[in-house]
Every structure is written in structure tokens, then in C-alpha cells.
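To keep things clear, I will list the structure first and then write my remarks on it.
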Amino acid sequence: MLKKKRKKKSKFYFNVDVEDAIVKYNSESNQIIRNKIYNARIKYALEKLVENIINTYKFPYIPEKFTDVKNEVISHLIINLHKYNKSLGFKAYSYFGTSAKNYLIMKNRSDYLKTKINFSIDDTESNVDGNKKEFELEDHHIITNNIRVDRSCFIEIFSDYIDKNINIIFKKSRDIKIANAIIQLLQNYDVIENYTKKNIYVILKEMTNCKAIYITKVLDKIKVVYFKLKEEYNHMGELK
């Protein structure tokens, strides 16, 4: 008698079980149970995800030790676990991988700017023109090769800003619902295949059940905030 072959268990560390565990974690109100779910089914996947991202992208301007940076990013992901919405069709692996990567990009850029400022201050009196030109060329190379990376970093910061200030920017419950849907799209823009204007409206209509005229009003208001914060970010390298 032939034995039925057992289905091989996936060895991928961030699998469907982890995704389902995050959904269960978010729906659970008992903190003790939440902690058990996290430690048993989520913790290892998040730690492995962050380790792989740090090792892959390196982030040369972050001065802290590997363990300290890893723990900082994991804390960021834990704080934002509640934002994951499986019903939108995004994979948890892509969602949290993008979030972790953007957080590290933001940190790396911030530390790079600090290095640049310190270099300028220390070199004010004794700078040699050759060294200055070499540094400026390096600066240009970094900026030119990281335009896409920097854009994704700002979108992460911007969506977080809207999320935290949503009740100040919008007063009507309908507008807040639309703004929340827009935040979800912003946080997942890296994993959306067809990000055309028409497709955005279709997705937002399905998510909010609101008319296009109301969606347009909220988008227009968010655009005003976007350009104002983008100007500050380009000038300062961060948002106050």
C-alpha cells in the first residue's frame, strides 16, 4: 500500500503562518495573548527580516553596532504592526520589508548629513581644495545614485506624518476614512504593480465606498501638505 506523501513544510522564515499570526495579533485585545502570539510566531520572522535587510544594503553611514540598529528597527516594526491590513492583498513580508528598509534609509541619510555637517565644521580652517572637491564629488555620487531610495524614504516619513496628524488635518469622518485608505496605499506603493491615477481611484473607491469627488478633495488637501513637507525635507533632511 502506497503511503501518502506528506506535504513539505515551507522553510521560508516569513511564511503564511507569520502573516496570519500578525492578523491574529492585531485582532487580539488581551495583551498577554498578544505577547504569546508575537513570541511564538512573529518574533523570529521579524528579526530575520531585519538582519537580512541590514546585511544586504549595508547602510554605511549608520555608526551604531549591528545589534543596536537591529533592535531599533524591530521596535519600529512592532509599533507599526497594527497598520498591516491583509485584506488589501499585500504580503506581510513585502509590507514590513519595505517599512524596515525605508526606516534604515531614513536613518542612513540622517547620519550621512550629520557626517557632512561635521566635516564642514572641522574643515573650515584647514581645508585643502583638493579634499573639498573630492568630498563634493562623493556627495554628488551618493545623491545621484539614491534618488529613488530617497523618494521611498520620504514617502514613508510623509505617510507616517499624515497618520499621526489625520484628526487635525481632517474633521469629517468620511474624509478621515479616505485619508486612512490613502495612507495604506502610500505605505504599500512599492508592492503595487499598476500605480496609475485611474487605478488609484478604483482602489480608493473599493476601500472607502466614497464618490470620486470626495476622494479628489482629500487628495488635493494631502497634496498641499505633501509639497510643504517635501520642501522642508529637501532643505533639512528630516521633518521636525
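Couple of notes before you dig in:
- For LEU219: the one exception among (1) more than 28 Å from LYS91 (Cα to Cα); (2) surrounded by 12 or more Cβ atoms within 10 Å (Cβ to Cβ): (1)
- For the stretch 39-91, taking the residues that are among the small types (Gly, Ala, Ser) and closer than 26 Å to GLN184 by Cα, the one that is surrounded by the most Cβ atoms within 10 Å (Cβ to Cβ) is identified as ALA45.
- Just one of the listed residues (PHE90, PHE96) is of a type outside the set (Ser, Thr, Tyr), in a loop (DSSP other than H, G, I, E, B) and either modelled with pLDDT of 90 or more or under 23 Å from the mean Cα position of the chain (by Cα) (or both), and it is PHE90.
- Contacts under 8 angstrom Cβ, first residue in the stretch 59-75 being in the same structural domain as SER110 (by TED's automatic domain parsing), partner in a loop (DSSP other than H, G, I, E, B), 6 or more apart: VAL69/PHE59; VAL69/ILE62; GLU72/GLU64
- Check on LEU49, in contact with a Gly (Cβ under 8 Å, 6 or more places away or on another chain), modelled with pLDDT of 90 or more and over 22 Å from GLU232 (Cα atoms): yes
Here's the yes/no breakdown for (1) within 23 Å of TYR161 (Cβ to Cβ); (2) touching a Ser or Thr at 6+ places or on another chain (Cβ under 8 Å); (3) at pLDDT below 80; (4) outside any helix (DSSP H, G or I):
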{"site": "LEU185", "(1), (2), (3), (4)": "yes, no, yes, no"}
{"site": "TYR195", "(1), (2), (3), (4)": "yes, no, yes, yes"}
{"site": "LEU204", "(1), (2), (3), (4)": "yes, no, no, no"}
{"site": "CYS210", "(1), (2), (3), (4)": "yes, no, no, yes"}
{"site": "ILE213", "(1), (2), (3), (4)": "no, no, no, no"}
{"site": "ASP220", "(1), (2), (3), (4)": "yes, no, no, no"}
{"site": "VAL224", "(1), (2), (3), (4)": "yes, no, no, no"}
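- In the stretch 57-87, residue nearest to the chain's Cα centre (by Cα) [restricted to those that are modelled with pLDDT of 85 or more and among the hydroxyl-bearing types (Ser, Thr, Tyr)]: TYR84
- Sole exception among (1) modelled with pLDDT of 95 or more; (2) closer than 28 Å to ASP111 by Cβ for ILE54, by number: (1)
The values are calculated or read from the model by the stated rules, or taken from the named source; none is laboratory data. From a predicted model like this one, the values you see are computed outputs, not experimental measurements. Backbone-built Cβ (ideal geometry, glycine too); neighbour counts: all protein chains shown.
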